[in-house]
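Student: There's a structure below that I have some questions on.
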Amino acid sequence: MKKYDAIIIGAGHNGLTNGAYLAKAGLNVLVVEKNAYIGGAAVSRELENGWIYSNCSYVSSMLRQTIHRDLNLTKHGLVLVPYLGTVNFGDNGKPLIHYHDGNVGYNHLRQHSAHDADSMFKFQADLTRYAQLIRKTLMRTPPNPTSFKPRDIKELLWLAKQFWGLGEKELYEYMRFFTTSAEEFLDDYFENDLIKAAMASPGIIGTALGVYSPGSAYILLHHVMGDVDGNIGAWGLARGGMGAISNAIASAFKGFGGEIRTNAGVQQVLVENGKAVGVVLENGDELRANIVVSNLDAKRTFTKCMDKKDLPPGIYEKAKNFKIRGSSGKVNIALSGLPKFTNLPDNKFINQGGQGFVGSLETMERAYDCWKHGLFSDDPFIETVIPSAWDPTVAPPGKHWMSCFVQYCPPVLANGGWNAKQKEAFGQSVIDKIERYSPGFKDLIVHKEIRTPVEIENEVGLTEGNIFQGELTIDQLLFNRPFPGYAQYRMPIKNMYMCGASTHPGGGVSAACGANAAREILMDLRKPNTVPEDSFYDE
Amino acid sequence: MNTLMNSNHDLAAAYEDEQLQVTHFHARSSKFNIREAWTAWNGYKFADYYYDAQYEYFCVRNSCATYDICPMQKYYITGKDAMTMLNRLVTRDISKLNINRVTYLCWCTDDGRMIDDGTVFRLSEDKYMLTSGSPCIAWFKKAAVGYDDVEVTDVSDEIAALAFQGPTSCEVLKKMGLEGIENLKPFNIMHFPFKGDSDKKLTISRTGFTGDLGYELWIDPSQALDLWDELYLAGEDYNIHPYGETALNMARIEAGFILPGTEFNEALKTVHLHHDQTPFELNLGWLVDFKKPHFNGRTALLKDKTDGPEYTLVKLDIDGNKAADDSYLYDSKKCKNHIGYITSTMWSPVVKANIALAMVKTKYIKGQIWAEIYYSKEIRPKQKIVECTVVNKPFWAPARARATPPLRY
Ligand SMILES: Cc1cc2nc3c(=O)[nH]c(=O)nc-3n(C[C@H](O)[C@H](O)[C@H](O)COP(=O)(O)OP(=O)(O)OC[C@H]3O[C@@H](n4cnc5c(N)ncnc54)[C@H](O)[C@@H]3O)c2cc1C
């Protein structure tokens, strides 16, 4: 039987990135994926003839440019296209428009609040400063703070230096940032509720926290630390949908000689004498390798794909208690034409970009309350984009599709499990809300894909449908991710590693987790490092 | 001075003669220029950008976009001797250029220094159209002296021309009803009756300056606005948008195309000795054909080829992401031995690379190349020394640009 140097479980974009860097170093690598297609949560699928949805993730900003450049992903078919203009709709009244041009944007903000228009400059500067610090850590392995290894001490000192570089006062602010709520953080800057609501909304995306919950400020930061061609905080679209990212990485991986097997779900990781030696597939096939890398979330890896007896004591519990609550839903809607929004000029740059149906801080908090009670709100927060307005490849000419990310959606309903009727009702709550701002929207609908956490879990294997493979709270960040003591991609079993979003730097289509894990693996195998160092715009 | 302050004074009338000329498409294109971002080209008012340069660049790479090439200079060279005269003028052999074909070429002084580059269209047996970025009529007239049957006519103002580039461009032209356009090969020309009227001729060439799939549309000025309207109607669902000079400049650097005033200094406008270039220096040796009959600059160019040019234009991939504007190049990190300079540079949003065109002393091309980059960070000047890698292929050359019919966008 053929023995691989490495088997990677899961063809998510991180698994593929990991594979690419291992194969680049000359390893003989196999990626096994349970689905018939690759990509995990960075996937494009044609469910209705002519329409290509980004079924899960829908916008790109975190993808490390260094990796894009190093793996030559453009040559492998990836083109990222920025989109302009975002509109945030309040419960009523004049929407808040984010214009691409700074002066135009300033004039618009003044119409909402002169105070906030001015304050926005400081807000952006502060946020950029905070974001820069995190950005620097993205492609570095977190140090183990309890270790005395020279490498850990060096990295800890580096980290300390970065923090001290902020200045003492800012350091305190920064500490607060990790624990405060989005709303409290924004209170320091803004007085207008719609502006606050719009700025706070990235703080709740994908997380089981509300705008008033401690910890939501960091999530906000997590969503603005990416960039598109140096514009920090900007988001873009992958031409052909998010699957184009996974496909390009897969193509690079295959270019280095890597092998991908689809329809090959892993039943269990094979462990012999305390060492990972391969995997058993759902069809019973046994595959052997020197090392095994899991692209699955930490909870799934240890509670579903491993024999408890193979784990050192305590690990199973750690994994079981890993915070990975599902809180988001997604509705993908194929449209026969472009929706028109009330209270907006017929300016294609602003009414075809992204929309935030934020309502107000209060509305968002009420939606969170519903989630806590195991319900979905009839007034949810929705973040939408219309990729087809920018990308000619994802819908027939003149036709469109809208990606609706919904916060919140509970993984388990209070009144029982999800069923077809409730799933439909959830989808309807989203459509009804959009219809309120875009009369006639319903008549444009050609096809829709409704995804509650159940569908997301069943398809991508994200436990509870948690989009980040685990909450991004301070107790699960940096050297705490996924568990304290195991943040360096090495798992409690010898020759076993993790490379998914459950590891540092966490969720999002960044490819950083996969690349970081590859660097650690190659170090253990005493192979030359193939993973590039990150380079920045803001050095 | 008081007249200026006088509110009755008609400023518009007083300075009318200082207004720039507007192109045949201005009535339409100016509507898009909501930022009033104008610059000038050959006396014409010309858009730097319309809405946003990066957006327009992405229309070229992602959907489709139009570029107003009315200000580009166009000359008819007609008569029985047109071919011989042209073949004497330019460095490339055009004697085999078929009717309805286009080719890229350049022309030089007798010292082999490049005057300009452009394209030549063979429109019929004895009729050629030569295009160039800057006016060249005086030189062409001189070049025609001694040929019995050749006439050089400046038709720059008499043809309305629009470049139409981008992955969806072919689809839009098809939608406009231009049957068979998908079979038009690169550098070929087709003629269509405009709006089904055979008296109105629309000429389309599969040419452009973006390195992507694209066409150039040529029509009588009386039809210019109608052409614009037809095209924009057909292109509505394909994200058509005009692009200005900034976006064009981005696209052409990625394609590796040169510009006068940046990569080369037009020979006839050059003051200092050898501050102009030869085609070999510009890596355009493939445009020089020594097998054809004598042409302007032949002797000098043969020597340049044999001796090897002092400098050669190269494409560079530069480490990091700081634009190497006007940077000096060195053969080591120590920056002691100066071996060249950057001519054009940009961060390429499609390739995700820091790219540049540069002039490097030929003998150093195979060795290390380092760029000394100056930039500023919150008003503080910073300096960086980074390594550069020579790239042989254009940074951006999608297969669709060459395929016939063009590949699916
Ligand atoms: C609805 C939604 C919206 C999102 N929006 C965005 C966004 O707009 N922008 C952004 O940057 N991020 C977004 N995210 C987050 C981002 O998509 C993920 O964090 C990221 O894609 C995770 O990548 P990964 O490779 O680590 O893991 P995954 O993508 O989770 O990959 C895991 C892979 O393992 C496979 N697998 C599971 N179990 C098995 C098994 N037993 N055997 C074999 N294979 C198995 C799965 O099928 C999957 O292919 C979103 C996520 C979701 C769910």
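Student: How high is the relative contact order of region A:117-227, given as a whole-number percent (alpha carbon pairs under 8 Å, six or more residues apart)?
Tutor: 28
Student: Show me the ranking of peptides A:195-206, B:398-409, A:29-40 by mean Cβ neighbours inside 10 Å, starting with the highest.
Tutor: Going from most to least packed, we get A:195-206, A:29-40, B:398-409.
Student: Ok, one more. Let me have the relative contact order for chain A, percent, based on Cα pairs under 8 Å that are six or more residues apart.
Tutor: For chain A, the relative contact order is 24 percent.
Student: Could you calculate the FRET efficiency of A:THR262 with A:LEU47 from 1/(1 + (r/R0)^6), where r is the beta carbon distance between them and R0 is 22 Å, rounded to 0.05?
Tutor: 0.80
Student: Still on this structure, please answer the following. Restricting to chain A, compute how many DSSP beta bridges are antiparallel as a %, nearest 5.
Tutor: Counting only bridges with both partners in chain A, antiparallel ones make up about 65 percent.
Student: Can I ask one more? Just give me a number: lysine pairs in region B:73-157, eight or more positions apart or cross-chain, with C-alpha atoms less than 15 Å apart.
Tutor: 4
Student: Here is a further query. Considering only A:LEU335, B:MET114, B:THR299, whose Cα is most displaced toward the positive end of the charge dipole of the protein assembly as shown, charges sitting on Cβ of Lys, Arg (+1) and Asp, Glu (-1)?
Tutor: Comparing the listed Cα positions along the dipole, B:THR299 ranks first.
Student: Quick check on chain B: take the gyration tensor over C-alpha atoms, sort the square-rooted eigenvalues as a ≥ b ≥ c, and tell me if it's rounded (a/c under 1.5), prolate or oblate.
Tutor: rounded
Student: Could you run the Debye sum over the Cα atoms of region A:117-227, one equal point scatterer each and no solvent, and tell me log10 of I(q)/I(0) at q = 0.23 Å⁻¹, two decimals?
Tutor: -1.30
Student: With each pseudo-label sitting 7 Å past Cα toward Cβ, what's the A:LYS169-B:ARG380 distance in nm, one decimal?
Tutor: Once both label points are built, they end up 1.8 nm from each other.
Student: Assuming a viscosity of 0.692 mPa s and a temperature of 37 °C, what translational diffusion coefficient in µm² per second does Stokes-Einstein assign to region B:312-393, Rh being the Kirkwood radius over Cα pairs?
Tutor: 261
Student: Continuing with the same structure: Quick one: length gained pulling A:ASN415 to A:ARG436 fully straight, 0.36 nm per residue minus the C-alpha distance?
Tutor: Value of the extension gain: 4.8 nm.
Student: How far is helix A:13-24 tilted, in degrees, relative to the longest principal axis of the Cα atoms in chain A, given as a value from 0 to 90 rounded to the nearest 10?
Tutor: So the helix axis and the longest Cα principal axis differ by about 40 degrees.
Student: Would you mind computing, in nm to one decimal, how far apart the modelled labels at A:GLU533 and B:SER198 are, each placed 7 Å from Cα along Cα→Cβ?
Tutor: The answer from the label model is 7.1 nm.
Student: Set the Förster distance to 25 Å, then compute FRET efficiency between B:ASP307 and B:HIS272 from the Cβ-Cβ distance, nearest 0.05.
Tutor: The computed FRET efficiency comes out at 0.75.
Student: log₁₀ I(q)/I(0) of the protein assembly as shown at q = 0.08 Å⁻¹, via Debye over equal Cα point scatterers, no solvent, to two decimals?
Tutor: Summing over Cα pairs of the protein assembly as shown leads to -0.84.
Student: In peptide A:75-87, what is the residue-averaged number of other protein chain Cβ atoms found within 10 Å of each Cβ?
Tutor: The mean count of partner-chain Cβ atoms within 10 Å per residue comes to 3.
Student: Still on this structure: Rank-order A:230-243, B:64-77 by packing density, defined as the average count of other C-beta atoms within 10 Å over each peptide's residues, highest first.
Tutor: B:64-77, A:230-243
Student: Multiply the residue gap between A:GLN428 and A:TYR316 by 0.36 nm, knock off their C-alpha separation, and tell me the result in nm, one decimal place.
Tutor: Residue separation times 0.36 nm, minus the Cα-Cα distance, leaves 36.4 nm.
Student: Follow-up. What is the helix-to-structure angle for A:361-372, meaning the angle in degrees between its Cα long axis and the longest Cα principal axis of chain A, kept from 0 to 90 and rounded to the nearest 10?
Tutor: 40
Student: Can you count the Lys pairs in region A:117-227 with C-alpha separation below 25 Å, eight or more apart or on different chains?
Tutor: Total qualifying Lys-Lys pairs in region A:117-227 comes to 12.
Student: Please give every one of the lysines within straight-line cross-link reach of B:LYS382, meaning a C-alpha to C-alpha distance under 18 Å, and leave out same-chain neighbours fewer than 8 residues apart.
Tutor: B:LYS322, B:LYS333, B:LYS334
Student: Taking the Cα-to-Cβ direction at B:VAL390 and at B:ILE34 and moving 7 Å from each Cα, how far apart do the two end points lie in nm?
Tutor: 4.7
Student: What is the sum of charges, Lys and Arg at +1 and Asp and Glu at -1, for the other residues whose Cβ falls under 15 Å from the Cβ of A:LEU71?
Tutor: Charge balance near A:LEU71 sits at +3.
Student: Next up: Label region B:73-157 by shape, choosing from rounded, prolate and oblate, from the square roots a ≥ b ≥ c of the eigenvalues of the Cα gyration tensor; if a/c is under 1.5 it is rounded, and otherwise prolate applies when a/b is larger than b/c, oblate when it is not.
Tutor: Here region B:73-157 falls in the rounded category.
Student: Considering only the other residues whose Cβ falls under 15 Å of the Cβ of B:ALA37, what net charge follows from Lys and Arg at +1 and Asp and Glu at -1?
Tutor: Here the charged neighbours net out to -4.
Student: Counting each pair of different Cα atoms once, what's the Kirkwood radius of chain A in Å, rounded to one decimal?
Tutor: Hydrodynamic radius (Kirkwood, Cα pairs) of chain A is 23.5 Å.
Student: Could you state the number of Å between the C-alpha centres of region B:318-341 and region A:360-389?
Tutor: If we compute the Cα centre of each part, the gap is 52 Å.
Student: Once you charge only the Cβ atoms, +1 for Lys and Arg and -1 for Asp and Glu, what is the size of the charge dipole of region B:73-157 about its Cα centre, to the nearest 20 debye?
Tutor: 220
Student: Round to a whole angstrom and tell me the spacing of the C-alpha centers of region B:5-67 and region A:95-136.
Tutor: About 30 Å separates the Cα centre of region B:5-67 from the one of region A:95-136.
Student: Using the beta-carbon distance between B:ASP10 and B:ALA138 and R0 = 41 Å, what value does 1/(1 + (r/R0)^6) give for FRET efficiency, to the nearest 0.05?
Tutor: After rounding to 0.05, the efficiency reads 0.65.
Student: Would you mind calculating the relative contact order of chain B from Cα pairs under 8 angstrom and at least 6 residues apart, reporting the percent as a whole number?
Tutor: 17
Student: Got a sec? How would A:MET175, B:MET346 order by Cβ neighbour count within 10 Å, fewest to most?
Tutor: A:MET175, B:MET346
Student: Still on this structure, I have one more. Round to a whole angstrom and tell me the spacing of the C-alpha centers of region A:171-247 and region B:360-409.
Tutor: Using only Cα atoms to place each centre, the spacing works out to 34 Å.
Student: What is the average number of partner chain Cβ atoms found within 10 Å of a Cβ in B:157-169?
Tutor: Neighbouring Cβ atoms belonging to other protein chains average 1 per residue here.
Student: Using only Cα atoms and rounding to the nearest 10 degrees, what angle (0 to 90) does helix A:114-137 make with the longest principal axis of chain A?
Tutor: 10
Student: Turning to a different aspect of this structure: Can you give the charge dipole size of region A:1-155 about its Cα centre, rounded to the nearest 20 debye, using +1 on the beta carbon of Lys and Arg and -1 on the beta carbon of Asp and Glu?
Tutor: 760
Rule-based calculations on the coordinates, nothing more; no lab input. The structure presented is a predicted model; accordingly, all values stated were derived computationally and were not measured. A quick note on method: Cβ atoms are made from the backbone with ideal geometry, for glycine too, and the neighbour counts reach across all protein chains shown.
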